[in-house]
1. Using per-residue counts of other Cβ atoms within 10 Å, averaged over each peptide, order 108-114, 71-77 from highest down.
2. Ranked highest first by the average count of other Cβ atoms within 10 Å around their residues, in what order do 39-48, 130-139, 98-107 fall?
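Here, each number is a calculation from the coordinates, and none is a lab measurement. In this text the structure is predicted, and so the values were computed from the model without any measurement. Heads up, the Cβs are rebuilt from the backbone with ideal geometry, glycines too, and the neighbour counts pull from every protein chain shown.
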Amino acid sequence: MRTELDFAPLYRSSIGFDRVFNLLSNRQRLNAIDTWPAYDIVKTGEDDYRITMAVAGFGEGDLDITQERNVMVIKGGKAEELQGEYLHRGIAGRSFERKFELADHVRVDGADLRHGLLTITLKREVPEAMKPRKIEIGVAPSNERLRLGTDRQVA
């Protein structure tokens with residue numbers, strides 16, 4: 001049984017949302033759900049977010065955070081330290097890689113590791129050119145005025 005959604009009708013009335021539709025229809029994202037390490041995502045303000053990840057046993061040198069375009073990758077791994085024979089091993093220390101898809105204009109603002117919790121702060125910064133602006137009616141653009149001056153014919 002296929003459970004994929006068909007976004008074809010939305011393509012007729014939307015422009016520039018290809019990336020969103022690709023994210024939603026990507027089967028690998030849905031099938032590769034891993035529950036370790038546990039994490040929380042909190043919206044702390046209009047354009048501010050915080051991810052808190054439980055990484056007990058990992059130090060700053062064992063963690064790596066990278067951001068490339070719209071993907072943030074958190075990797076954790078440490079060398080095996082055997083100091084005896086384990087009778088029970090309940091504290092997870094295995095390597096991991098967690099990926100987060102970030103919206104446009106979201107950047108990693110900082111990271112902190114305290115008491116086994118990795119806290120990553122994110123901020124959305126919309127460029128000035130992308131913010132809403134008021135359009136005045138009746139004022140021709142500067143390039144329109146230049147074109148009118150060059151339309152004169154030479155006698």
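1. Listed from highest to lowest mean packing, they are 71-77, 108-114.
2. Top of the packing list down: 98-107, 39-48, 130-139.
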